[in-house]
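These notes concern the structure reproduced below.
The values are calculated or read from the model by the stated rules, or taken from the named source; none is laboratory data. Since we're looking at a predicted model, the values are computed, not measured. Glycine gets a Cβ as well: all are built from the backbone with ideal geometry, and neighbour counts include every protein chain shown. What goes into the accessible areas is simple: the full protein's heavy atoms, side chains included, and nothing from ligands, DNA or RNA. Shrake-Rupley method; radii C 1.70, N 1.55, O 1.52, S 1.80 Å.
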Amino acid sequence: MKIKSSTLLTAFVLIAICALLSAQETKSTASITIVVTDPSGAVVPHAQIKLSPSPTTAPLNLETGADGELLVDLTPGSYDLSVTLAGFKRWNQHIQVPDTAPQTISVVLKVDGCPPGCLVVYPNFDGQTWWNHIKVLADDKLEGRDTGSRGERAAQAYAIEQLKSAGLEPAGVNGFYQPVKFVSRQIVEKDCSLTLIHDGKREPLTLGEDAIIGTRVMPAPEVKAPLVFVGYGLKVPEKNYDDFAGVDVRGKIIVIFSGSPSEIPGALASHYQTAAERWKVLRAAGAVGIVSLINPASMDIPWSRIALNRAHPSMDLDYPEFYETEGAKLAVTVNPASAEKFFAGSGHTFEEIVALGKDRKPLPHFPLAVSLEVKTKVEVTKIESANLVAKLPGSDPALKDEYVVLSAHLDHIEIGEPINGDRIYNGAMDNGSGSALLLDMAASFKKNPEKLRRSILLVLVTGEEKGLLGSKYFAAHPTVAPKSIAADVNVDMFLPIVPLKLLTVLGLDDSDLGDRVREIAQSLGVRVQPDPEPLRNLFVRSDQYNFIRHGVPSVIMSVAPEPGSPEQKIFKDWLTQRYHAPSDDVDQPVDLAAAAKYEEIVRALLISVANDGHRPQWKQDSFFRRYAQ
């Protein structure tokens, strides 16, 4: 936490003294009620109180309750009083406990150097221990924690050390480890080309500047095919929506505009935009490839940064059961600044498409006047990594073999092309923040134990940045009985960079987990909202989605900016400047109080699910309920 020395807040400690005197007693006592409030008058729970009768006498160490009050009996005399709030000590306050009639004494503690929010104390977390874990995980020595790298292995070793220290049991295949095999694909760009052909004229595209050849789909060495624009490229049977109806795409490369029409709910649209679902449709229709035109309204980061690390290897799981894009020959992503080239001679423009797409309006479908010729070369290698799995055992004989999963990805994106001279993509928030929360959560259950009926399973997955691969493997092959997983609470880049007043909850309306989150958050003065930005497809972009695909009710939560406030620019600037950039390191602003409050919400949610007699249930109108049947 960065503290401005000029900040001066005053904490008012009201001491109401009622003397209980008895003529028969040789030594009287006074019953003291200590109420700790912040400058606004709101009580501060769980404040650490120290009362010292004299420099040579052992002090009394006490704590205010959840209501901010402390009742204590003291013998009359002089006392030094100090209060510790969120790590700040307040000394040199002197009170006198009288031996006369009851009276009230007000003591004002002058708190120098206390930033806004520092008087808020949570019973299990202070934000600092969470941040300390991030300092380790996002250290330059770990080189960005790429999947299968020595940096990721070092992060795994640190995590296991912390899990052992917290007393958790190994629950992997080999101790804490669940090995996972990958195939790595790296484009050899000097041997690749993209060329548009219009009326026999060839227009080469510049790789990196105009477009990128993806390798999550293994490209064919050579592809030449006509292009057809199919709007959003979606088929959603539940809404009778079909961008392919009446359009011949057999043997062709489809061109799509990323996003979805407003008539399709965000989570449902995100589901049908996944590679697995999209290629089911394309394979059945006979398409051979896909060209994606990025919607400028939904870009997290500028094209210059997208293109910067385009030569980084992509990965897939090295098991036949996970081959989801069989038959696909090509996947290309186009710079919005170059997209007009694809519409030459078609009677339409990219500008027209963008104007419709930014408001999620229906898009036209039409053949393009250009065809695409592609040559590729890809180097393939094998990689091994592992998920980490730890267990906090439950105690109920009937429920202890059921599990509430707390998941986060440990990997990030390694050493890459330099930005402002820095080549290490540290991944402090993405997702050192989620991994650190798991470790902090484990320690909190050792420090402040709870009797849990169900067990809690902590899962640190690998390969998230490569396409949610580690969680895909774990959800398909869990290290516990598949039907025993009651819920998943996933934590990924929850961004405590402003005070936590509003929480975005993906999956809020899909299961009663969302109802629990709402109740817990509101008890801490936090409002909740569903996904406010459906165009970003966040619901399918982190690991909870793989649990959902296996019928497990799941949520993922993040700190959100107040609508219409300057906080929105803070978040937008963070995505533009720090997301998937070397500047996502430990040298960035962070709100430790927001992190602590978020951790309290997660802990309370885990305990609620673990101790409820009924497992979380999908809501009747949720699309994803089908996966539990």
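Just the residues that are in a loop (DSSP other than H, G, I, E, B), open to solvent by 40 Å² or more (accessible area, probe 1.4 Å) and charged (D, E, K, R), please, taken from the range 403-427. Quick ask: steps written out before the conclusion?
Within the range 403-427, the subset in a loop (DSSP other than H, G, I, E, B) is 410-411, 413-414, 420-421, 425-427.
Next cut, open to solvent by 40 Å² or more (accessible area, probe 1.4 Å) only: 414, 420-421.
Once the filter is applied, which keeps residues that are in a loop (DSSP other than H, G, I, E, B), open to solvent by 40 Å² or more (accessible area, probe 1.4 Å) and charged (D, E, K, R), the range 403-427 yields only GLU414.
For the range 511-559, the candidate set comprises residues that are over 23 Å from TYR473 (Cα atoms) and among the basic types (Lys, Arg); within that set, the residue that is modelled with the lowest pLDDT is ARG536. When ALA476 is tested against (1) over 15 Å from the mean Cα position of the chain (by Cα); (2) among the hydrophobic types (A, V, I, L, M, F, W, C); (3) open to solvent by less than 10 Å² (accessible area, probe 1.4 Å), just one condition goes unmet, and that condition is (3). Residues in the range 364-381 that are within 36 Å of the chain's Cα centre (by Cα) and closer than 30 Å to ASP316 by Cβ: 6 in all. Scan the range 486-499 and tell me whether some residue there is under 29 Å from VAL217 (Cβ atoms) and in a strand (DSSP E or B). Yes, that holds for at least one residue.
For the range 324-334, a residue qualifies if it is in contact with a strand residue (DSSP E or B) (Cβ under 8 Å, 6 or more places away or on another chain) and open to solvent by 60 Å² or more (accessible area, probe 1.4 Å), and exactly one does: LYS329. Residue check: PHE350 meets all listed conditions (1) more than 28 Å from the chain's Cα centre (by Cα); (2) under 27 Å from GLN577 (Cβ atoms); (3) open to solvent by 50 Å² or more (accessible area, probe 1.4 Å) but one, namely (3). One residue stands out in the range 607-629 among those that are more than 22 Å from PRO530 (Cα to Cα) and under 23 Å from the mean Cα position of the chain (by Cα): the one that is surrounded by the fewest Cβ atoms within 10 Å (Cβ to Cβ), namely ILE607. Taken together, the residues in the range 428-457 that are in a strand (DSSP E or B) and either hydroxyl-bearing (Ser, Thr, Tyr) or open to solvent by 10 Å² or more (accessible area, probe 1.4 Å) (or both) amount to 1.
Restricting the search to the range 458-485, which residues are within 28 Å of ALA594 (Cβ to Cβ) and assigned to a loop (DSSP other than H, G, I, E, B)? Spell out how you get there, then give the answer.
Our first condition is that a residue be within 28 Å of ALA594 (Cβ to Cβ); within the range 458-485, this holds for 458-462, 464-465, 468, 470-471.
Answer for the range 458-485, where residues must be within 28 Å of ALA594 (Cβ to Cβ) and assigned to a loop (DSSP other than H, G, I, E, B): THR462, GLU464, GLU465, LEU468.
Being within 21 Å of ILE290 (Cβ to Cβ) and outside any strand (DSSP E or B) is the filter here; which residues of the range 173-201 pass it? Give the derivation first.
Of the residues in the range 173-201, the ones within 21 Å of ILE290 (Cβ to Cβ) are 183, 185-187, 189, 192-198.
Scanning the range 173-201 gives GLU189, CYS192.
Results for (1) of a type outside the set (A, V, I, L, M); (2) closer than 23 Å to LYS466 by Cα; (3) at pLDDT below 95, shown as yes or no for each residue.
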| site | (1), (2), (3) |
| --- | --- |
| ARG185 | yes, yes, no |
| GLU189 | yes, yes, no |
| GLY200 | yes, no, yes |
| LEU205 | no, no, no |
| GLY208 | yes, yes, no |
| GLY251 | yes, no, no |
| GLY259 | yes, yes, yes |
| PRO265 | yes, no, yes |
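Taking the condition crowded, with 19+ Cβ neighbours inside 10 Å and out of contact with any strand residue (DSSP E or B) (no Cβ under 8 Å at 6 or more places or on another chain), does SER165 pass? Break it down into steps so the answer makes sense when it comes.
Details: crowded, with 19+ Cβ neighbours inside 10 Å: no; out of contact with any strand residue (DSSP E or B) (no Cβ under 8 Å at 6 or more places or on another chain): yes.
The answer is no for SER165.
Among the residues of the range 217-243, those that are crowded, with 16+ Cβ neighbours inside 10 Å and part of a loop (DSSP other than H, G, I, E, B) comprise VAL217, MET218, PRO219, VAL230, GLY231, TYR232, GLY233, LEU234, ASP243. Residues in the range 613-625 that are touching a strand residue (DSSP E or B) at 6+ places or on another chain (Cβ under 9 Å) and of a type outside the set (Phe, Trp, Tyr): ARG615, PRO616, GLN617, LYS619, SER622, ARG625. Determine if the range 406-414 includes at least one residue that is farther than 28 Å from ILE306 by Cβ and either free of Cβ contacts under 8 Å to residues at least 24 places away in the same chain or of a type outside the set (S, T, N, Q) (or both). Scanning the range 406-414, I find at least one residue that is farther than 28 Å from ILE306 by Cβ and either free of Cβ contacts under 8 Å to residues at least 24 places away in the same chain or of a type outside the set (S, T, N, Q) (or both), so the answer is yes. Please indicate, with yes or no, whether at least one residue in the range 107-129 is at pLDDT 95 or above and either assigned to a helix (DSSP H, G or I) or crowded, with 19+ Cβ neighbours inside 10 Å (or both). Yes - at least one qualifying residue is present in the range 107-129. Of the residues in the range 378-396, at least one is among the charged types (D, E, K, R) and either without any contact (Cβ under 8 Å) to a residue 60 or more places away in the chain or part of a helix (DSSP H, G or I) (or both). Within the range 511-547, the set of residues being open to solvent by less than 10 Å² (accessible area, probe 1.4 Å), under 23 Å from VAL461 (Cα atoms) and aliphatic (A, V, I, L, M) comprises LEU513 only.
Screening the candidates ALA344, ALA337 for the property of being of a type in the set (Gly, Ala, Ser), surrounded by fewer than 14 Cβ atoms within 10 Å (Cβ to Cβ) and farther than 30 Å from PRO553 by Cα yields one hit, ALA337. Could you check, for the range 500-510, whether at least one of its residues is open to solvent by 40 Å² or more (accessible area, probe 1.4 Å), farther than 30 Å from VAL480 by Cα and modelled with pLDDT under 95? For the range 500-510, residues open to solvent by 40 Å² or more (accessible area, probe 1.4 Å), farther than 30 Å from VAL480 by Cα and modelled with pLDDT under 95: present. The condition of being on the phi < 0 side of the Ramachandran plot and part of a helix (DSSP H, G or I) holds for only one of VAL517, VAL528, that being VAL517.
Residues in the range 232-258 that are closer than 18 Å to LEU330 by Cα and among the polar types (S, T, N, Q): SER258 alone.
Say we look at the range 353-370 and pick out the residues that are touching a strand residue (DSSP E or B) at 6+ places or on another chain (Cβ under 7 Å) and open to solvent by less than 60 Å² (accessible area, probe 1.4 Å); which of these is nearest to LYS466 (Cα to Cα)? Please lay out each step first, then the result.
Our first condition is that a residue be touching a strand residue (DSSP E or B) at 6+ places or on another chain (Cβ under 7 Å); within the range 353-370, this holds for 353, 357, 363, 365-370.
Filter again for open to solvent by less than 60 Å² (accessible area, probe 1.4 Å), leaving 353, 357, 363, 366, 368-370.
On the way: ILE353: 30, GLY357: 27, LEU363: 30, PHE366: 33, LEU368: 32, ALA369: 34, VAL370: 32 Å.
Out of the qualifying residues, it is GLY357.
Here ALA154 qualifies as open to solvent by 20 Å² or more (accessible area, probe 1.4 Å), part of a helix (DSSP H, G or I) and of a type in the set (A, V, I, L, M).
Scanning the range 202-216 for residues that are within 19 Å of ILE254 (Cα to Cα) and in a loop (DSSP other than H, G, I, E, B) returns ASP210, GLY214, THR215, ARG216.
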